[in-house]
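So the structure is just underneath, and the comments pick up after that.
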Amino acid sequence: MTTNEKVLVKFYTAFANADAVTMSDCYDSKSQFRDPVFGLLKGNDVCQMWKMLIEKSKGNLKIEFSALKADEYNGSAQWIATYNISETNRKVVNCIQAQFQFKNGLIIKHTDDFDIWKWSKQAFGITGYLLGWTGFFQKKIQQQALLSLKKYKETTHAD
């Protein structure tokens, strides 16, 4: 197992154990994260997002990961998150393909890719089914996610 594969195992094991601190230890301080819900996050916002998502799940989050691969610079993983979305309390099973870039044994870039329409159908029911494929609805999802992160940081006094 390569050093960076060990980083991915550490990251996803911590995620499965709802350990945001250990997850954060896997990131470089100048890291970037991107996914269809949050868009682009940088630096501490990445770690705060994971912390917020874990706290909002209230222990009702299941993480499964597989197909971890990494060399000196790049890596990938497949993972499945099962949880109830806090806004609607609807169950979501999200299948995600992750890509990573590493620097000095830490994650410098992390991109999660998944079907946002499939996710929105689960998260928002008929509204997600009818509108989840549209750019307008996807932008609203992203705006709400970023607002949620901003409010979370304000209440926890995170930078």
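Can you name the residue in segment 62-94 that is of a type in the set (A, V, I, L, M) and farther than 23 Å from LYS6 by Cβ and, of all such residues, is surrounded by the fewest Cβ atoms within 10 Å (Cβ to Cβ)?
Going residue by residue through segment 62-94, those that are of a type in the set (A, V, I, L, M) are 63, 67-68, 70, 77, 80-81, 85, 92-93.
Now narrow it down to the ones that are farther than 23 Å from LYS6 by Cβ: 85, 92-93.
On the way: ILE85: 17, VAL92: 17, VAL93: 12.
If we take residues in segment 62-94 being of a type in the set (A, V, I, L, M) and farther than 23 Å from LYS6 by Cβ, then VAL93 is surrounded by the fewest Cβ atoms within 10 Å (Cβ to Cβ).
If we keep just the residues of segment 20-43 that are surrounded by 16 or more Cβ atoms within 10 Å (Cβ to Cβ) and outside any strand (DSSP E or B), which is farthest from the chain's Cα centre (by Cα)? Walk me through how you get there before you give the answer.
At the first step, the residues of segment 20-43 found to be surrounded by 16 or more Cβ atoms within 10 Å (Cβ to Cβ) are 20, 23-24, 26-28, 31-38, 41.
So of that shortlist, the ones also outside any strand (DSSP E or B) come out as 20, 23-24, 26, 36-38.
Values: ALA20: 11, MET23: 11, SER24: 12, CYS26: 14, PRO36: 10, VAL37: 9, PHE38: 8 Å.
The selected residue is CYS26.
Sort out which residues of segment 51-71 are modelled with pLDDT of 95 or more and either in a strand (DSSP E or B) or acidic (Asp, Glu) (or both), and write them in order of number.
LYS62, ILE63, GLU64, PHE65, SER66, ALA67, LEU68, LYS69, ALA70, ASP71
Go through (1) more than 11 Å from the chain's Cα centre (by Cα); (2) under 19 Å from LEU8 (Cα atoms) and name the single condition LYS51 misses.
Status for LYS51: all satisfied but (1).
Out of all the residues in segment 35-50, which are without any contact (Cβ under 8 Å) to a residue 40 or more places away in the chain and either of a type in the set (Lys, Arg) or under 13 Å from MET23 (Cα atoms) (or both)?
LYS42, CYS47, TRP50
Can you spot a residue in segment 124-135 that is in contact (Cβ under 8 Å) with a residue 24 or more places away in the chain and over 18 Å from LYS42 (Cα atoms)? Can you show your working first?
Residues of segment 124-135 that are in contact (Cβ under 8 Å) with a residue 24 or more places away in the chain, as a first pass: 124-125.
Then drop every residue that is not over 18 Å from LYS42 (Cα atoms), which leaves 124-125.
So far as segment 124-135 goes, yes, one or more of its residues are in contact (Cβ under 8 Å) with a residue 24 or more places away in the chain and over 18 Å from LYS42 (Cα atoms).
Got a number for residues in segment 63-95 being under 13 Å from the mean Cα position of the chain (by Cα), free of Cβ contacts under 8 Å to residues at least 40 places away in the same chain and closer than 19 Å to VAL9 by Cβ?
Qualifying residue count for the region: 3.
Which residues, counting only those in segment 100-128, are surrounded by fewer than 14 Cβ atoms within 10 Å (Cβ to Cβ), more than 14 Å from CYS26 (Cα to Cα) and more than 17 Å from the chain's Cα centre (by Cα)?
Hits for segment 100-128 are GLY125, ILE126, THR127.
The values are calculated or read from the model by the stated rules, or taken from the named source; none is laboratory data. The model shown is predicted, which means the values in this text are computed figures rather than measured ones. Cβ atoms come from the backbone with ideal geometry, glycine included; neighbour counts cover every protein chain shown.
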